[in-house]
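A quick write-up on the structure given underneath.
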Amino acid sequence: MASRQSEAGPPQASGAQARQDLMDKLVGIVSSHVNEHLMAVVNRIIAGLLDATDPSANGGAMYQRVKSGNLLKENSYAFFHLACTALTDAVRKDLAALAPVSAKSAAPAAPLSLVPLEEMDNQVAFDAISRPFDVTCSDALATLSVRLGHMLGRDVLRMNQNPFRPQVFLMALQQAWVDFEPDAAGHGLIVPLLKPAILFEFAPMYEALNLAMLRKGVLPGSVDAYRIQKTDNAAAARAARAAEKAALSRRLKDFFGGGAEPDDGIPLIPDLPSMPQGNGGWRPSTAAGFDAPAAREAVPTRGGFAEAAKGPQPAPMSGGGSGGLLGMLGEMQKRMPQLPDAGAAPHNVFYLPRLKQSLPQGSLSRGDESTIDLLSRIFETVFLDDSIPPEIRDLIQFLQIPVLKAALSDKNFFFEEAHPARRMIDLLSRMGWEQRKSADDPLFQAMRRNVDLVGRDAGREQQAFAEAVADLEASIAADETIAETDIAGPIAKALKQEKAAEATRSAKTAVAMRLGGNGAVEIVDSFLEKKWTTVLTVAYTVEEDKPGAVANATRTMDDLLWSVKPKVTTEQRKELIGKLPGLLTTLNKWLDVIKWQDADRLQFFAGLAECHASIVRAPLDLSPARQLEIAVEAAQQDAIRRIEKEQAAAELEQAAQADEAIVTVDGLERGMWLEFVQPDASVRKVKLAWVSPLRSLFIFSTGARQEAFSLQGEALAQLCRDGKARVIQESGVVARVLSEAMNDPVPAVLSA
């Protein structure tokens, strides 16, 4: 086992800094625990010093105890702060001494020296004083030693290497007292008081330390790893999309940031080629492509719609000037025809790709040319998308002039996804994918209403776009509410199934982590696997309605396992006898819940009673040191076995996280569009309508909610692996087109 951990080494994801951050966090946990509980310890020490009934107190000793006790009572807060600092510093010092040191920062080796006899005697004395604490916390300390060894890239730490062992705290507390008490005669007074009845409990602190390392991936456990993995994958997917958007925004800002002079060398989008014919898609006029000369009679010029402008070339126009390009577009917008009735063919409509051809060469600044080129590519993509019905493409074409004016006025159109004009194009194209083309469809009516609003509102496009987007989003939200009602039944069923599956999985994992560590007590292992898994499943199922059920069932399982381990001291056996009635009562209550009432139940309790009796009757002929050694060895073996299982589970989870199909499925979000290959090789496009909380079930819908179907997460991942399912729309159409434009291998450069 040691060699496996040495090879695995510490977590490498964040390197030395991550290790140091975790070490600081562990010291912080100690500091918090000490600060919370030490004042009560100080008060108990005061009471012990001033206790006149103590048979060990004689005349002279009692005088010194009262003197020191009153000193501590009058200055308790001063000692409290001194002791808190001493305990935290002692842990930090021991922990830092174990941390790996790089070759560059390694300090020169200290010269060898003999340890003073006084210090050796002190160590031996405190070994004995700390023994009761060590025995009580042996399980937690052993687990902590294994995790610390892994974190620090070492073998499993021995008990006397663990920086969180009770002895470190006891010696630090004694040293703080020596620093606090000026009279040397009183320096040894609190040593007899350093016992479990006076000190705080170490177990909660050790539990918090183990949990902190567990959450940071130091041999992670797998009880909640499934949920964490799904959450991490989804968060990583969102972060990747956000990073991609940010990178695109930076590139676009660089693209537009070089000025607008003819010789500034800004790379521009390549001129748009003649587009291939689609299957029934919209085409401007009757031309074979957007740049066809057959439509020249419909292109705009400064004077409106006419043949190409003639005469001397005008000076370059600024998009922001009242008499420049914006002014010309405003005049053109006033002459645009009204939005036709639903189903009627549009006529005499301005087509953005012809604008640049209609103007004299050199009349546009480079920034305006770039804007026109990019918008042409965006509208071109929408117009040639056969997934969008012609009725909606006809609506979108009426936005060309308003969108161009908005983009010329505010370049944030290209940088910000939430820009109203850009958002409106994305919303319309998204609703087009949903086949919202019926004149009676409320969403189609909302689309027509808001396109008409933007087209008629010349001169205040930005505000008109914002109002239109708000209305569209409200309409979409209302429609999604209806959609959720339509699939409420399947969602409720899916949630119930997922909750049951998660409860069963969590229960099996919790039990599996504890099996195999009790030697010959096979009766307990068999009981946990066959019956307590059912108990834990019920506990996980009712946890939401009855908080604490899981903690109670888990604690009962751990108490049962503890009860069948060897008890090598009289104190441990007394503790077992004291705990047995409550343990047996709780066991029976849970077994009643799962209705286990047959003869096997009686046989189990009979075997358990025999096991407990043999533990209590075993001879106690071992020295205290040997008792501690046996307890620590048993605890360490259990910790190693348990963490080996955790490591195996972690490796399986890491393999799952490396599966691109699983990562893809975990990253899916509601509203995304996917493409499924059907058995007849046809392609079906569907929208993700709902995702279960643990991403184990996905509900999809076709256009306009005509049909809905569901897929298990594993089945969807397999379809992705087989190439029969893929995401086809993660971002809006504007972002996709801009990304493609920025990724063109050889961008065109405007010639002088």
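Among the conditions (1) in a loop (DSSP other than H, G, I, E, B); (2) in contact (Cβ under 8 Å) with a residue 24 or more places away in the chain; (3) over 20 Å from ARG514 (Cβ atoms), ARG573 misses just one, which is (1). Residue-level check: of (1) at pLDDT 90 or above; (2) among the charged types (D, E, K, R); (3) part of a helix (DSSP H, G or I), LYS595 misses just (3).
From the list VAL734, VAL677, VAL746, VAL663, the lone residue that is under 26 Å from LYS437 (Cβ atoms) and at pLDDT below 85 is VAL734. Inspect segment 474-490 for any residue being assigned to a loop (DSSP other than H, G, I, E, B), in contact (Cβ under 8 Å) with a residue 24 or more places away in the chain and more than 30 Å from GLY330 (Cα to Cα) and give the result as yes or no. Yes, segment 474-490 contains a residue that is assigned to a loop (DSSP other than H, G, I, E, B), in contact (Cβ under 8 Å) with a residue 24 or more places away in the chain and more than 30 Å from GLY330 (Cα to Cα). For segment 171-208, filtered to residues that are in contact with a Pro (Cβ under 8 Å, 6 or more places away or on another chain) and surrounded by fewer than 18 Cβ atoms within 10 Å (Cβ to Cβ), the residue that is nearest to LYS67 (Cα to Cα) is LYS195.
Whether any residue in segment 518-540 is at pLDDT below 85 and buried (at least 16 other Cβ atoms within 10 Å of the Cβ) is what I want to check. Within segment 518-540 (the criterion being at pLDDT below 85 and buried (at least 16 other Cβ atoms within 10 Å of the Cβ)), the answer is yes, since at least one residue qualifies. Selection over segment 691-710 of residues that are at pLDDT 85 or above and in contact with a Lys or Arg (Cβ under 7 Å, 6 or more places away or on another chain) gives a count of 2. Just one residue in the set ILE425, ILE372, ILE392, ILE401 is closer than 17 Å to ARG354 by Cα, surrounded by 21 or more Cβ atoms within 10 Å (Cβ to Cβ), of a type in the set (A, V, I, L, M, F, W, C) and touching a residue at least 40 places away in the same chain (Cβ under 8 Å); that residue is ILE401. So which residues in segment 163-183 are part of a loop (DSSP other than H, G, I, E, B) and in contact (Cβ under 8 Å) with a residue 40 or more places away in the chain, if there are any at all? Scanning segment 163-183 gives PRO163, PHE164, GLU181, ASP183.
Residues that are part of a loop (DSSP other than H, G, I, E, B) and modelled with pLDDT under 70 were ranked within segment 320-335; the one that is surrounded by the most Cβ atoms within 10 Å (Cβ to Cβ) is GLY320. Of all residues in segment 339-353, those satisfying the criterion of being farther than 23 Å from PHE256 by Cβ and at pLDDT 65 or above are LEU339, TYR351. Once segment 39-56 is narrowed to residues that are part of a loop (DSSP other than H, G, I, E, B) and among the small types (Gly, Ala, Ser), the residue that is modelled with the highest pLDDT is ALA52.
The values are calculated or read from the model by the stated rules, or taken from the named source; none is laboratory data. Quantities reported herein were computed from a predicted structural model and do not represent experimental measurements. When we count neighbours, we look across all protein chains shown, and the Cβ atoms used for this are built from the backbone with ideal geometry, even at glycine.
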